[in-house]
Structure formats: structure tokens, C-alpha cells
Amino acid sequence: MKEYTYSEKKDTRSGFGAGLLELGRQNPDVVGLCADLTGSMVMTHFKKEFPDRFFQVGIAEANMMGIAAGLATGGKIPFTGTFANFSTGRVYDQIRQSIAYSEKNVKICASHAGITLGEDGATHQMLEDIGMMRMLPGMTVIVPCDHNQTRAATLAIADHHGPVYLRFGRPKVPNFTNPDEKFQIGKAIVLNEGSDVSIFATGHMVWEALEAGKELFAKGITAEIINVHTIKPLDETAVIHSVQKTACVVTAEEHQVYGGLGDTIAQVLARKHPAPMELVAVNDRFGESGKPAELMKKYGLTASDIVTAANKVLSRKKSNGK
């Protein structure tokens, strides 16, 4: 089993900020828009270096999406920045009508997603956004796992023509991916090969999946751990290939159990390769105020919860005679 280590923890929103600054230096068509959260979105450096390509719209997120659609119509590549709840729920009509329906080349970049937002509480802990964005025709949905991958994803979506939803967060998490690794939209990454159970994880849950893999390995169970950074389009080939080997599945995500990674993979398996499956996600609840690590534990989003799910699905596989 391959061991993954990290030298530091870094927030994924800073990866977005670093990537956006690089893009600004590479491509004069890249523009930034923010809804009064420039510092929180780590767009300050882009704003300072390219003041004529940065638009502070204030607390007017719907207007920001309309402006972004207009800039895209004029040939620019707009990156909008605000919190995930404001990037989706507050502006869903504008995204649907002005961006997705018209296939505008707008990059919707959303920070502070999930319960790891912590003390800000349920009103800001967006847990439905992946499902909302995934359902829009033509929308690409990306959830990178750490700082390095968020930076790489930010660079990659500028070269992709069409609307993109890029989701990241505020807490500092293990930064373990290769900083030089090129990001391939729609291409899942096998982090560890295994034959007993497939664990598909996205976002902050990728590291938890790796930790779960170590615990399972110590018990003689080899888990195939796959980083599904692109929810849509899903790498169906990677999913089917892994499940053909293992015959059972666990998914892990910092999102509602409905509409996210688990639902996406379940649809593929139901159509092409049915297998026992367990979903590690928030079980139809809103969040609450608390420290990120405590909330992850309370809502069942830790490595231990992935191990428990793996044991359940392995038991089901055994009862099926596989």
C-alpha cells in the first residue's frame, strides 16, 4: 500500500487564489469578480496586480452572475468568487438562465463549502451545492482535494470552454498531492490499488479515505482508493473498472447524501454494474455551529466512518457469495 504524507496543511481557497493569479499573468482575457469577499476568497493578489480586470460588485451576487455572463459574451473568461451558499442557492435562477442555458464560459468559484466552514453555522454550511450544479445541463462540477490540486484545477478550467462550478473550502487540510501534477477534467485518480473494496472520495474526504485505507490494510483488507475530483463529467470507466475488481463500493463526500458523488456513482452502477454500496455523507440534515473536526465526527465524515462503511459493504458482498 502506498503511503501518502504531507509537510503542511493549507486551505484550498488559497490554492484557488494562487491559480487565479497565475492565470491573470498568463491570459489577459481572464477577469475576476467578487461579491464583497475579496480577502476570504483570496482574490486580493489578483485584484492588486490586475485592478482593471477585477470587479467588486458588492453584496449583489445575482448581479455578479449577470455581469459574468455579459463578460463571457464579450470574449472574456470570468471567474466569480463568493461563498458556496451565495454561489448557488442565492443565484440559481441567474446561473440557470444566463449561464448554463446559454452555455456561457463562466467559472463559478465557491469557497467555504460544507460543514468544515465550522462556526458560521447551518445558514452558511452549504451541503446541497454539488447536486444543484450537477443537475444543470452542460455544467462541469469539480471538487479538488487539497491546495495543490485546487490551484491546478483553477488553471485547467480556464482552458475548458463552458460553465464550471469549482468547489473548495476554508479549513487547512493536508496538502499531499504533487504540485506539478497536471489537472485533467473528468479523469479520476487512483491513489491506491486494491482488490477488496473500492472507496471513491472527493474534496476534503480524500484524505480521510487514505487514512481509512491504512486502517483497513492493517486488518488485511486492501482498499482501492480513488480521488474523484470531477463529479461531472464522471469518469465512468474508472468507476466500472474498479468495481469489476472489488465488487463493492464506498463513497465519501462532505455533502448531503442526496445529489452528490454517491448518487452519481450509484446511477452508473445501477445501469452498468450493480454492486453493494455504502454512502458516507451528511444524512439529510442541516449543519450547525462548531469546530470543523468536531462537526466532521458528529456528522459521520471521518476515516473511522469510512472504515465502518467498508466493513458493512464487505459483509454484504460476502453474503452475496462474492
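The values are calculated or read from the model by the stated rules, or taken from the named source; none is laboratory data. Model, not experiment: these values are computed from the prediction. Note: ideal-geometry Cβ built from the backbone for every residue, glycine included; neighbour counts use all protein chains shown.
Which of (1) in a loop (DSSP other than H, G, I, E, B); (2) touching a Gly at 6+ places or on another chain (Cβ under 8 Å); (3) not charged (D, E, K, R) is the odd one out, the single condition Ser102 does not satisfy?
(2)
Could you tell me how many of the residues in the range 128-137 are in contact with a helix residue (DSSP H, G or I) (Cβ under 6 Å, 6 or more places away or on another chain) and either touching a residue at least 60 places away in the same chain (Cβ under 8 Å) or small (Gly, Ala, Ser) (or both)?
Adding up the residues that qualify gives 1.
Please indicate, with yes or no, whether at least one residue in the range 27-34 is of a type outside the set (Ser, Thr, Tyr) and in contact with a Gly (Cβ under 6 Å, 6 or more places away or on another chain).
First pass over the range 27-34, keeping only residues of a type outside the set (Ser, Thr, Tyr): 27-34.
Next cut, in contact with a Gly (Cβ under 6 Å, 6 or more places away or on another chain) only: 30, 34.
Yes, some residue in the range 27-34 is of a type outside the set (Ser, Thr, Tyr) and in contact with a Gly (Cβ under 6 Å, 6 or more places away or on another chain).
Can you pull out the residues in the range 126-156 that are surrounded by fewer than 24 Cβ atoms within 10 Å (Cβ to Cβ) and either touching a strand residue (DSSP E or B) at 6+ places or on another chain (Cβ under 6 Å) or assigned to a loop (DSSP other than H, G, I, E, B) (or both)?
Result: Glu128, Arg134, Met135, Leu136, Pro137, Gly138, Met139, Thr140.
Quick grid of which residues meet (1) in a helix (DSSP H, G or I); (2) modelled with pLDDT of 95 or more; (3) under 22 Å from the mean Cα position of the chain (by Cα); (4) assigned by TED's automatic domain parsing to the domain that holds Thr140:
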site: Lys48; (1), (2), (3), (4): yes, yes, no, yes
site: Ile59; (1), (2), (3), (4): no, yes, no, yes
site: Gly66; (1), (2), (3), (4): yes, yes, no, yes
site: Ala69; (1), (2), (3), (4): yes, yes, no, yes
site: Gly75; (1), (2), (3), (4): no, yes, no, yes
site: Gly81; (1), (2), (3), (4): no, yes, yes, yes
site: Asn85; (1), (2), (3), (4): yes, yes, yes, yes
site: Ser98; (1), (2), (3), (4): yes, yes, no, yes
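Name the pairs whose Cβ atoms lie under 8 Å apart, with the first residue in the range 174-198 and surrounded by fewer than 19 Cβ atoms within 10 Å (Cβ to Cβ), the second part of a loop (DSSP other than H, G, I, E, B) and polar (S, T, N, Q), and 6 or more positions between them or separate chains?
From the range 174-198, the pairs are Glu193/Thr222; Ser195/Thr222.
With respect to His273, is the statement that it is surrounded by fewer than 17 Cβ atoms within 10 Å (Cβ to Cβ), touching a residue at least 24 places away in the same chain (Cβ under 8 Å) and out of contact with any Pro (no Cβ under 8 Å at 6 or more places or on another chain) true?
Taking the combined requirement at face value, the residue satisfies it.
Quick test of your reading of the structure: Thr237 fulfils all but one of (1) in contact (Cβ under 8 Å) with a residue 12 or more places away in the chain; (2) within 20 Å of the chain's Cα centre (by Cα). Name the failing condition by number.
(1)
Is there any pair with a first residue in the range 66-78 that is in contact (Cβ under 8 Å) with a residue 24 or more places away in the chain and farther than 11 Å from Ser98 by Cβ and a second that is among the basic types (Lys, Arg) and in a loop (DSSP other than H, G, I, E, B) whose Cβ atoms are under 8 Å apart and which are 6 or more apart or on different chains, and what are they?
Listed by first residue and then by second, the contacts come to nothing, as the list is empty.
Can you tell me how many residues in the range 87-96 are in a helix (DSSP H, G or I) and of a type in the set (D, E, K, R)?
Within the range 87-96, residues that are in a helix (DSSP H, G or I) and of a type in the set (D, E, K, R) number 2.
Kindly establish whether Ser40 is of a type outside the set (Asp, Glu), in the same structural domain as Val143 (by TED's automatic domain parsing) and part of a loop (DSSP other than H, G, I, E, B).
yes
If Gly24 satisfies all but one of (1) under 22 Å from the mean Cα position of the chain (by Cα); (2) more than 19 Å from Tyr165 (Cβ to Cβ), what's the number of the condition it fails?
Looking at each condition in turn, Gly24 falls short on (1).
In the range 310-320, is there at least one residue being of a type outside the set (Gly, Ala, Ser), touching a helix residue (DSSP H, G or I) at 6+ places or on another chain (Cβ under 6 Å) and either outside the structural domain of Gly213 (by TED's automatic domain parsing) or not in a loop (DSSP other than H, G, I, E, B) (or both)?
no
Any residue at all in the range 238-252 that is outside the structural domain of Pro144 (by TED's automatic domain parsing), charged (D, E, K, R) and in contact with a helix residue (DSSP H, G or I) (Cβ under 9 Å, 6 or more places away or on another chain)?
No - not one qualifying residue is present in the range 238-252.
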